[in-house]
Amino acid sequence: MTARRVTIAVLAALVLATVAIAQVEATTRTHRNGNMYLGFGLPVVWAFVVAGLIALRRRPGNRTGVLMIAIGFGWVASALTDGRNDLVFTIGMLLSNLWPGLMLHLLLSYPSGTLDRRSRIIVTAGYIDTLGVALLLVPFSEPRSDGLGASTRSAHNLLLVSHQTTLINVIQVIAFAVAVVVLGAALVVLGQRWRAATPPMRRVLAPMYLTGATAIGVTLLIVAILQIAGVVGNMFAFYAFCISFTAIPVGYLFGILRTRLDSGSAVQTLVATLRDQRTPGGLQNALRVALGDPTLEVAYRRPGTDEYLDATGEHVDLTAVGGRATTEIEHDGEVVAVLVHAPVPPDETGLIDAVCGPAAMAIENERLQADLRAQIQEVTASARRLRDVLENVHLLAVSLDLEGRITFANQHLADVTGWSREELVGSVWLERFPTGDPYYLERVRDERILVHDEMPLRTRSGDERAISWSNTLDRDAAGRVVGSTSIGEDVTDRNRAVRQEEALRRLATMVAGSAHPDEIFAAVCEEVARLMGGQTGNLVRFGDGPGTATVVAGWAEESEIPMPIGAEVAFDGPTAIAEAVRTGRPARVDDYASVGGELAERLRGLGVHSSVAAPVAADGRLWGAIIVSTTGDSILARDAEGRIGQFAEVVALCLSSTEARSQLAASRARIVAAGDAERRRLERNLHDGAQQRLVALSLALRMARATVAADHPAAELLDSAGDELMQALEELRELARGIHPAVLSDQGLRAALGALTGRSPVPVRLEVELREELPPPVEAAAYYVVAESLTNIAKYAGATVVDVVVRSEGRSARVEVRDDGVGGADPATGTGLCGLADRIEALGGVLRVASPVSEGTMVAAELPLAAVDPEPPVALGFADSAL
Amino acid sequence: MSALAGKSVATRIAWKPGVCNDGCMALRVLIVDDHPGFRARARALLESEGFEVVGEAGSGADGVRTARELAPDVVLLDVQLPDTDGFAVASAVTGDGGDVQVVLTSSRDGSDFGALVGSCGACGFIAKAELSGARVAALLR
């Protein structure tokens, strides 16, 4: 059923009830003054029903309206007891006590229309005490006999069992007492609610509570008076009763009206206040005034986010509003703000709505301003953070305008450059630091800035530092470039460390790669001098006598005069080298101008201004020194001593490495030579011993055989013995040849190779081109290369011809054996070739085998003619006097 | 193996005596070797086969001098000598321009010396164990 139909039905029922009551009163004339009765009674009915209908219309889901309508009709029901018809009378009896319960329900459920637990108990008790007691008494009550207007009543109670006056009196007394308790409890609850109510809530509660309390008070008073005085049917009491009850719906209607009036005045107040409030938060103040809530806050929603701000742009946390109510304000379908306010009864929200409608524009406006302020705060905070970072970072930070003027310089820049910040800011960068990039500004203006670059920066004291810059363009709000900001890291030390590390690594690689010490020392001199910014670098070896040294290696810039290699230096006076010798530690002289002595004089003659000398220790003894010197005015860096010391260690490493290598090589050569000597001795022993005896035996046998006739039984025996002996001699010869080729030591390589190739089952083309006789170990190695190769070729190669070439090549001999066989030989699997490789490496040579499948095999050996001296090494050639 | 078998056959042939018993004058032999034992046995062997051993020498220098003094037909010359080698002695002896012929011998195999045997003036090489008058005679020019 629609609300309209409900309204029509209720109004129809109301009219019907009014007519019915009027009819009843007109026909029965129950009341002495019937018109007055109707005149006071009916307005109560109408007031409740009409107010109920209005309430129902305002809030269809709220029980308040229903309760008020029920109360109105409850009054009608109570009038039914005036009817003459028995059924009407009986229904009137049953329902006549309904309305006080409904009244209590209405008061306690107002304004939400719902009951909390405590109120529900009170209301239930109220219903029992009124409706319940009436129902209980109906079978025992015949109103015509109860003395209450009995003379005026003519209808009968249809449900009467037996009239019990005493019972009725007793129960009524009890019911009265209960009513007092229930009403008292209701007053307590209502009083508590009033105390706890916020101002807007009180505004809503006030009319209803005031009228309700008055009605209850009047009721109690009347009942009390009636009970005490025993007065029955006093019409004045009835009139007062009616008036006080009519006041309840009238009060309710007044409340609604006041809300309407409040809305209008609130809007007016709002508009008036807004006019005067221009500062941030003005709207909030206006709303506080308009809605009478001094605690109200407005939280503006940031456009496009779920973040809320106050008018000043500060963040508001809506999850922490406590027990306060929030009301979303929408504009164009979007939530633009949330009001955080004291809880408002449902009836009052209309006020907020009424106020917020006109305020929406202002809210939207202030919301955008709040957002703007928040953005400004964020930008400001961000800028502050950036500036703090730039200020505190341990990097150089500088901002330049388009004229190249310094607009910002952090303290670290001041610390590094030696200029104060006051001296820096306002000055032109390139004037202050002429080593900077001259095209920098041009690039900034053209927006072609190099994001990273490294530039030298000369400090106030003249030091040159390498700075690695990261550059950013600065733009204004319109996006125009207004300057640049650069962050720089002083990478001077790091660069130097990296360069030093690279130089040391290069030198270490040379040492590890067995480069000649002369080359390594020359490289050390150049690397260390260049790295330290020196114009010359020298390595000297100390002589036997005190105070003398020989230049071993040196480097000088092209414009400088180098110290000749091999030059003798006598270091007298307090020169750097003399100090290094004296202390055993690196030493420096920053200005030779006033240093005495012959060496200082000589150095001055070479233009040397300052030097750092670092001693080189080898094998626990002072071997020599590295000296780096500058000419002109410059001096070497403060940390030069330690850094040059690292290069001195490389020299020491080179010395010990060369020493160790030569010892190892000598040791290997000794082993090979000792092996060769032993084999020679063994072969010689075989030759001089067993072979000679067997030869003698062979000749003796032959002579014995000559004395025996051919048919003699011993002849065959002697022939057989002779054959066996020849066989044994042949095998012994083979063995001796394998142990050592005597012809090699007796007749030399050429003859030995001739014999060797002559015995080869595969034809050999031998070519020997030697400019000089080879050292015995080299000859032996060459011989064995050919011998092993020919053995392998005969066994595996399937070759038709072999080319053997032995020739001198520079300072070494090359032995090459090449066949046209099947190839595919793996040198790693042959112990013969492995042993050969060891023998050759012991001589400082190299053995190579190339054996592609089907393309024959080539075995080549490079044998240095300056064979390693198998004698125990004394020392490095250039260092023998010191080591 | 075939090379070894061939040598065995040669040895048998060489063992047959009387090569030089054809009435001609016995060949005069100088033995140069540092082993006295070998010299004695070679002398006995060669003499048993009709050679006349006219002298012995224990070193290269002795050998050269004795060869010049005695002017033998044949010098049986050991390759390995304490002061020099047989090739040098052979060159010295044959270089004197006489008719002396040199037969090199050694307890080693001839192949161990390669081309040296042919280039030193000697007329041939006989392994010591294979020494016989017949082998010597066969090498003579």
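Can you tell me which residues in segment B:101-121 are modelled with pLDDT of 90 or more and of a type in the set (A, V, I, L, M)?
B:V102, B:V103, B:L104 - these are the residues of segment B:101-121 that are modelled with pLDDT of 90 or more and of a type in the set (A, V, I, L, M).
Please find, among A:S667, A:S656, A:S662, the residue that is farther than 21 Å from A:A580 by Cβ, without any contact (Cβ under 8 Å) to a residue 40 or more places away in the chain, small (G, A, S) and assigned by TED's automatic domain parsing to the domain that holds A:V528.
Values: A:S656 fails: farther than 21 Å from A:A580 by Cβ; A:S662 fails: without any contact (Cβ under 8 Å) to a residue 40 or more places away in the chain.
When all the criteria are applied, what remains is A:S667.
What are the pairs, 6+ residues apart or on separate chains, where a residue within segment A:809-823 that is closer than 25 Å to A:E773 by Cβ has its Cβ under 9 Å from a residue that is assigned to a strand (DSSP E or B) and among the basic types (K, R)?
A:A813/A:R807; A:R814/A:R807; A:V815/A:R807; A:E816/A:R807
If I filter segment A:204-255 down to residues being among the β-branched types (V, I, T) and not in a helix (DSSP H, G or I), which single residue comes out as nearest to A:L102 (Cα to Cα)?
This residue is A:V232.
Residue pairs, Cβ under 8 Å, 6 or more apart or interchain, first in segment B:100-111 and within 14 Å of chain A (Cβ to nearest Cβ) and in contact (Cβ under 8 Å) with a residue 40 or more places away in the chain, second among the β-branched types (V, I, T) and surrounded by fewer than 24 Cβ atoms within 10 Å (Cβ to Cβ). List them.
B:T105/B:I126
With respect to the numbered conditions (1) under 11 Å from the mean Cα position of the chain (by Cα); (2) away from chain A (no Cβ under 14 Å); (3) among the β-branched types (V, I, T); (4) surrounded by fewer than 24 Cβ atoms within 10 Å (Cβ to Cβ), which one is the sole condition not fulfilled by B:I126?
Against the list (1) under 11 Å from the mean Cα position of the chain (by Cα); (2) away from chain A (no Cβ under 14 Å); (3) among the β-branched types (V, I, T); (4) surrounded by fewer than 24 Cβ atoms within 10 Å (Cβ to Cβ), B:I126 comes up short only on (2).
Quick check, is A:T575 in contact with a strand residue (DSSP E or B) (Cβ under 8 Å, 6 or more places away or on another chain), surrounded by fewer than 17 Cβ atoms within 10 Å (Cβ to Cβ), closer than 25 Å to A:S594 by Cβ and β-branched (V, I, T)? Spell out how you get there, then give the answer.
On the way: in contact with a strand residue (DSSP E or B) (Cβ under 8 Å, 6 or more places away or on another chain): yes; surrounded by fewer than 17 Cβ atoms within 10 Å (Cβ to Cβ): no; closer than 25 Å to A:S594 by Cβ: yes; β-branched (V, I, T): yes.
So A:T575 fails the test.
Of the numbered conditions (1) crowded, with 17+ Cβ neighbours inside 10 Å; (2) without any contact (Cβ under 8 Å) to a residue 12 or more places away in the chain, A:G675 satisfies every one except a single condition; which is it?
Only one criterion is unmet by A:G675, namely (1).
For segment A:46-84: of the residues being in a loop (DSSP other than H, G, I, E, B) and in contact with a helix residue (DSSP H, G or I) (Cβ under 9 Å, 6 or more places away or on another chain), which is modelled with the highest pLDDT?
From segment A:46-84, those in a loop (DSSP other than H, G, I, E, B) are A:59-62, A:83-84; that's our starting set.
Within this subset, residues satisfying the condition of being in contact with a helix residue (DSSP H, G or I) (Cβ under 9 Å, 6 or more places away or on another chain) are A:59-60, A:62, A:83-84.
Details: A:R59: 77, A:P60: 78, A:N62: 81, A:G83: 72, A:R84: 74.
Looking at residues that are in a loop (DSSP other than H, G, I, E, B) and in contact with a helix residue (DSSP H, G or I) (Cβ under 9 Å, 6 or more places away or on another chain), I get A:N62.
Can you pull out the helices (runs of 4 or more DSSP H) entirely within segment B:26-102 that have at least 1 residues that are more than 18 Å from B:C120 (Cβ to Cβ)?
Helices (runs of 4 or more DSSP H) meeting the threshold: B:36-48, B:60-70.
Cβ contacts < 7 Å: first residue within 15 Å of B:V100 (Cα to Cα), restricted to segment B:27-52; second residue small (G, A, S) and modelled with pLDDT of 90 or more, any location; separation 6+ or different chain. Result?
B:L30/B:G55; B:L30/B:A57; B:L30/B:A67; B:I31/B:A42; B:V32/B:A57; B:V32/B:G63
Per-residue answers, yes or no, for (1) touching a strand residue (DSSP E or B) at 6+ places or on another chain (Cβ under 8 Å); (2) farther than 30 Å from A:Q727 by Cβ; (3) basic (K, R):
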residue	(1), (2), (3)
A:R661	no, yes, yes
A:A666	no, yes, no
A:A669	no, yes, no
A:V672	no, yes, no
A:N685	no, no, no
A:A696	no, no, no
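Does segment A:756-776 hold any residues that are touching a residue at least 12 places away in the same chain (Cβ under 8 Å), part of a helix (DSSP H, G or I) and within 14 Å of another protein chain (Cβ to nearest Cβ), and which are they?
Matches in segment A:756-776: A:L756, A:T757.
Does segment A:770-795 hold any residues that are within 25 Å of A:A674 (Cβ to Cβ) and among the hydrophobic types (A, V, I, L, M, F, W, C), and which are they?
Passing the criteria: A:L774, A:V778, A:A780, A:A781, A:A782, A:V785, A:V786, A:A787.
Looking only at segment B:57-74, decide whether some residue is on the phi > 0 side of the Ramachandran plot and more than 10 Å from chain A (Cβ to nearest Cβ).
Yes - at least one qualifying residue is present in segment B:57-74.
Look through A:S141, A:S109 and report the one residue that is touching a residue at least 24 places away in the same chain (Cβ under 8 Å) and under 24 Å from A:V204 (Cα atoms).
A:S109
With at pLDDT below 90 and farther than 21 Å from B:E130 by Cα as the only criterion, which of B:G97, B:G63 stands out?
B:G97
Answer with yes or no whether A:S119 is at pLDDT 80 or above, in contact with a Lys or Arg (Cβ under 8 Å, 6 or more places away or on another chain) and either surrounded by 15 or more Cβ atoms within 10 Å (Cβ to Cβ) or outside the structural domain of A:A9 (by TED's automatic domain parsing) (or both).
The answer is no for A:S119.
Looking only at residues that are in contact with a Ser or Thr (Cβ under 8 Å, 6 or more places away or on another chain) and among the small types (G, A, S) in segment A:704-755, which one is nearest to the other protein chains (Cβ to nearest Cβ)?
In this case the residue turns out to be A:A755.
Among the listed residues A:G844, A:G823, A:G830, identify the single one that is at pLDDT below 85 and on the phi > 0 side of the Ramachandran plot.
Selected residue: A:G844, the only one of A:G844, A:G823, A:G830 that is at pLDDT below 85 and on the phi > 0 side of the Ramachandran plot.
So A:A751 passes all but one of these: (1) at pLDDT below 90; (2) surrounded by fewer than 17 Cβ atoms within 10 Å (Cβ to Cβ); (3) in a helix (DSSP H, G or I). Which condition number does it fail?
So the condition that A:A751 fails would be (2).
Out of segment A:180-218, which residues are in contact (Cβ under 8 Å) with a residue 60 or more places away in the chain and more than 27 Å from A:T259 (Cβ to Cβ)?
A:V182, A:L183, A:A185
Pairs only if they're at least six apart or on different chains, beta carbon under 6 angstrom, first in segment A:595-616 and on the phi > 0 side of the Ramachandran plot, second among the β-branched types (V, I, T) and surrounded by fewer than 20 Cβ atoms within 10 Å (Cβ to Cβ); list them, first residue then second.
Partner pairs satisfying both residue conditions: A:G607/A:T631.
Of all the residues that make up segment A:606-624, how many are of a type in the set (G, A, S) and outside any strand (DSSP E or B)?
Looking only at that region, the number is 2.
Any residue in segment A:570-586 that's in contact (Cβ under 8 Å) with a residue 40 or more places away in the chain: show its pairings with residues that are among the β-branched types (V, I, T) at Cβ separation under 8 Å, as long as the two are six or more apart or on different chains.
Hits for this filter: A:A576/A:V589; A:A576/A:V612; A:A576/A:I627; A:I577/A:V540; A:I577/A:V569; A:I577/A:I627; A:P586/A:V612; A:P586/A:I644.
The values are calculated or read from the model by the stated rules, or taken from the named source; none is laboratory data. Bear in mind that the values here come from a model prediction, so they are computed numbers and not experimental data. Here the Cβ is made from the backbone with ideal geometry for all residues, glycine too, and neighbour counts use every protein chain on show.
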